[in-house]
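Worksheet: one structure, shown below.
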Amino acid sequence: MDRDKGAYSAQVVVKAIDLLEALASNERATTVPQLAKVLKMHRKKVLALLDTLEEKGLVDRDEQLGTYSLGLHSFSMAQRILKNANMIRIVHPVMESLARKHEAAVCFTVLDRDEVFFLDVVDSFQQVKATEMVGRRFPFFTNAAGKVIKSLSSLDLLERINGRRRKNPAVPNPELLQQELDEIRKKGVAIDVGGFGEGVCAVAVAIRDYGGKVVGALTMLVPAIRMVHERLEQEVIPSMLEGAELLSMKFGYVKMPA
């Protein structure tokens, strides 16, 4: 029975995608009968899908004409997909260079709300394998990538963390977290052990755009046992900062003189 439900749910998702594609292929707004004919579906089922997609902002309905077209949220999602794809194209060569130089996994992470999201990974032959990280999410306060991004964009952090801490004791003390972020902001780099897995050391640096906004973070993952202090300070951190500076310049960021 569960398998049947799963198959039915998958069919509904496929039909919803087909419906969005049908709307996208039409330059003009479309009626329910027209969509039902194209999709070969009963009008009631088409209407039910449209109602759900309208609630999510993916579809707009003209009440006077009874027609449907793609909603603003659809265009917003498309812009974000194109933006992410373009960012990956720019960032990936630098990731490859860092991965080869240090024989380590290098990731491109962004912040979605308060979660770190892995967009791209260049893996290594070493113990830490990061390919499976793509698409995964982590609370920002658990890892170096989230903290280095938040250190440059955390205006309302204390208020929001306080609210979450009341519901979840695992959320860190906001005052202590803010102090940590202040230190990260001064150094330009965040380091943690265990945030992305037991025995994994993460070194993260922020990438900024032409307006100074953080677009994401370069994050290197290596076995903690390999990351001795001398190597970290003399090799890894300088390379990561250099990579972040190069990418920020590619995104139009100009560092103001002190």
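The values are calculated or read from the model by the stated rules, or taken from the named source; none is laboratory data. Note that the coordinates shown come from a computational prediction; the quantities given were computed from them, not determined experimentally. Reconstructed Cβ throughout: ideal geometry from the backbone, glycine too, with neighbour counts over all protein chains shown. For accessibility, only protein heavy atoms count, side chains too; no ligands or nucleic acids. Shrake-Rupley method; radii C 1.70, N 1.55, O 1.52, S 1.80 Å.
So here's what we get for this one:
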{"read-out": "Spatial separation of Cα centroids for region 181-204 and region 207-248, in angstrom", "value": "10"}
{"read-out": "Environment charge at Leu241 (Cβ cut-off 12 Å; Lys +1, Arg +1, Asp -1, Glu -1)", "value": "-2"}
{"read-out": "Accessible surface of His92 - all protein chains present, 1.4 Å probe, nearest 10 Å²", "value": "50"}
{"read-out": "Set Lys147/Lys187; Lys101/Lys147; Lys15/Lys40; Lys56/Lys147 screened for pairs whose C-alpha atoms are more than 22 Å apart", "value": "Lys101/Lys147; Lys56/Lys147"}
{"read-out": "Built amide H within the under 5 Å cut-off of Val200, gap 5+", "value": "Gly194, Ala224"}
{"read-out": "Per-residue ³J(HN,Hα) for region 207-223, Karplus 6.51 cos²θ - 1.76 cosθ + 1.60, θ = phi - 60°, Hz, x for Gly and Pro", "value": "10, 10, 9, 4, x, x, 6, 6, 9, x, 9, 7, 10, 9, 10, 9, x"}
{"read-out": "Surface accessible to a 1.4 Å probe, Asp114 within the full protein complex, Å²", "value": "30"}
{"read-out": "Phi to ³J(HN,Hα) by Karplus 6.51 cos²θ - 1.76 cosθ + 1.60 over region 85-101, Hz, x for Gly, Pro", "value": "4, 5, 4, 4, 4, 6, 7, 4, x, 5, 4, 4, 5, 5, 5, 5, 4"}
{"read-out": "Sparse-neighbour loop sites [trypsin sites (Lys or Arg not before Pro); region 199-246; at most 15 other C-beta within 10 Å; DSSP]", "value": "Lys213"}
